[in-house]
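What follows is calculated from the coordinates using simple rules that are stated; it is not laboratory data. Keep in mind that this is a model prediction, so the values were computed, not measured.
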Amino acid sequence: MATNEEKAQLDKVFKALDADNSGRLSKSEIKNGYLTQFGRAICDEELDDLFLNVDIDGSGYIDYSEFIASALSQ
C-alpha cells in the first residue's frame with residue numbers, strides 16, 4: 001500500500017504529463033513529458049510496451065486509474 005506522500009507524488013506526475021488536462025494520457029503526452037518527469041527519453045518501442053501493459057481497456061490512452069494501478073503494482 002502506498003503512503004499518502006507516494007500517492008501525492010503519483011498524482012503530481014500524472015498531472016504534469018496530462019498536458020491537455022483530459023484525465024488521460026496519450027502516447028504523445030507521455031513521450032513529450034517523459035524526459036522532464038523521469039530524466040530520460042522514452043523510445044517508441046518502450047512506449048508501445050508501456051501501453052500494451054498499462055492501457056488495460058485498450059482505449060489508446062492511459063487513464064488515471066490505470067496509471068495509479070500500474071505505478072502501485074511496481
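Collect residues whose amide H, placed 1.01 Å from N in the peptide plane, falls under 5 Å from the amide H of ILE42; neighbours closer than 5 in sequence don't count.
Sorted by chain and number, the residues that satisfy this are LEU35.
Of the candidates GLY33, GLY58, GLY23, which one comes out as most mobile in a Gaussian network treatment of the chain with C-alpha springs shorter than 10 Å?
Of GLY33, GLY58, GLY23, the most mobile in the Gaussian network model is GLY58.
Looking at the square roots a ≥ b ≥ c of the eigenvalues of the Cα gyration tensor of the chain, which shape do they give, rounded for a/c under 1.5, prolate if a/b is larger than b/c, or oblate?
In terms of gyration-tensor shape, rounded.
Relative contact order of the chain: what whole-number percent is it, with Cα pairs under 8 angstrom and at least 6 residues apart?
31
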